[in-house]
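Scroll down for the structure; my scribbles are underneath it.
The values are calculated or read from the model by the stated rules, or taken from the named source; none is laboratory data. None of the values given here were measured: they were computed from a predicted structure. Positions of Cβ are generated from backbone atoms using ideal geometry, with glycine treated the same way; all protein chains shown enter the neighbour counts. Quick note on the areas: whole protein, heavy atoms, side chains included, nothing else; ligands and nucleic acids left out. Shrake-Rupley method; radii C 1.70, N 1.55, O 1.52, S 1.80 Å.
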Amino acid sequence: MAKKELDWSNIGFTYIPTDYRYVSNFKDGKWDDGEITTDTRVVLSEDSGVLHYAQECFEGLKAYETKDGKIVTFRPDLNASRMLDSAARLEMPQFPADRFLKAVEEVVAANKDWVPPYGSGATLYIRPVMFATGNVIGVKPADEYQFRIFCTPVGPYFKGGAKPIVVKISDFDRAAPHGTGNIKAGLNYAMSLHAIVKAHEEGFAENVYLDAESRTYIEETGGANIIFVTKEGGLVVPQSHTDSILPSITRRSIVQVARDILHLNVEERPVKLSEVENFVEMGLCGTAAVISPVGKINDHGKEICFASGMDEMGPVIKKLYDTLTGIQMGSVEGPEGWIHEICEA
Ligand code: PLP
Ligand code: COI
């Protein structure tokens, strides 16, 4: 088999079906053996739990072709364990972490010709998803579920790639205090769709959500966590009083890179909207967003402009970006266990 013929450097963040996906079904209290299939379709009964009470959670990770011709994923064990947390919170069965990792390996190896070449700027996005297929009509957890993993080659999440974006402070909330903001449930994203459509109509790339309880603290955006850089070159990472920020694997990795590799001062603490104007750089971080620089925040007409400007990433975010992506693509040595090798390219 040979690498697929795609214009790798010019793909966006859209769904391009690949040849294979992994599917396992839960019935009579247990998961079946699971299999690789070519069938993209899911057939549901009209009373399936996912359709009524949104019993669904998902994950997002990427496969990379490294400089030395391997196909690898980045910290998939953390996606496996976050999915266990999401499933527990939504009263769904646990898909065992070892099976999650094996399924990622199988589906990526089966689709290896779809992993974008090293240096193309694209990657293979892997989307594990679990949802209630069993019947419900009263409000209760279903008895049957499907776990599925599919892949799609993707380019940058924001148009313009590494160009700074403009975001707005949203009047909508993404997640309730002590609700489901800290798990990766589809329902959180349903909450954000109206707000993102409005933000796009107004010319903004993303929404910055404040804490829903006091509307004072910065939480995160619709699809990424937030990082700031101080005048002194330190990293500041917003924390939630109300446990409503998704524990981003990218953000946790950036904190470790900043502390242990770049030896930056790192503060993880609640961050007030009112102090944001003191920072000199801002970035959105996530699997899809990688680290996307923010040039400006619009707070109800008042512009907060970062010193890094609208032309390119600021110097500290650039260093974090180069180190993180260098680890992911095999040109920088990362901490033990971060790179999970799957096969030869
Ligand atoms: N926050 C939200 C709301 C997200 O959807 C994502 C994407 O996964 C992230 C943060 C970043 O998380 P991760 O770095 O684990 O991809
Ligand atoms: C990811 O980064 O994996 C996400 O799930 C975010 C989503 C906005 C694509």
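Tabulated data
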read-out	value
Sole exception among (1) open to solvent by 10 Å² or more (accessible area, probe 1.4 Å); (2) in contact with a Phe, Trp or Tyr (Cβ under 7 Å, 6 or more places away or on another chain) for Val197, by number	(2)
Where Asn265 falls short, out of the listed (1) open to solvent by 50 Å² or more (accessible area, probe 1.4 Å); (2) closer than 27 Å to Gly160 by Cβ; (3) over 17 Å from the mean Cα position of the chain (by Cα)	(2)
Sole exception among (1) within 16 Å of ligand 2 (Cβ to nearest atom); (2) in contact with a Gly (Cβ under 9 Å, 6 or more places away or on another chain); (3) open to solvent by 30 Å² or more (accessible area, probe 1.4 Å) for Asp85, by number	(2)
One residue from Pro128, Pro116 being part of a loop (DSSP other than H, G, I, E, B) and open to solvent by less than 20 Å² (accessible area, probe 1.4 Å)	Pro116
Count of the range 55-86 residues which are within 30 Å of Gly138 (Cβ to Cβ) and within 16 Å of ligand 1 (Cβ to nearest atom)	9
Single condition Gly223 does not satisfy, out of (1) away from ligand 2 (no atom under 14 Å from the Cβ); (2) part of a loop (DSSP other than H, G, I, E, B)	(1)
Among (1) of a type in the set (Asp, Glu); (2) closer than 24 Å to Asp171 by Cβ; (3) touching a Phe, Trp or Tyr at 6+ places or on another chain (Cβ under 8 Å) - the single one Asp299 does not satisfy	(3)
The range 268-294 - residue that is under 15 Å from Ile169 (Cβ atoms) and not in a helix (DSSP H, G or I) and, of those, farthest from ligand 2 (Cβ to nearest atom)	Lys272
Some residue of the range 142-160 being away from ligand 2 (no atom under 15 Å from the Cβ), outside any strand (DSSP E or B), open to solvent by less than 20 Å² (accessible area, probe 1.4 Å) and closer than 21 Å to Glu56 by Cβ	yes
One residue from Asn188, Asn182 being in a loop (DSSP other than H, G, I, E, B) and either open to solvent by less than 40 Å² (accessible area, probe 1.4 Å) or assigned by TED's automatic domain parsing to the domain that holds Gly295 (or both)	Asn182
Residue within the range 101-112 that is farther than 30 Å from Ile226 by Cβ, assigned to a helix (DSSP H, G or I), of a type in the set (A, V, I, L, M, F, W, C) and touching a Lys or Arg at 6+ places or on another chain (Cβ under 7 Å) present	yes
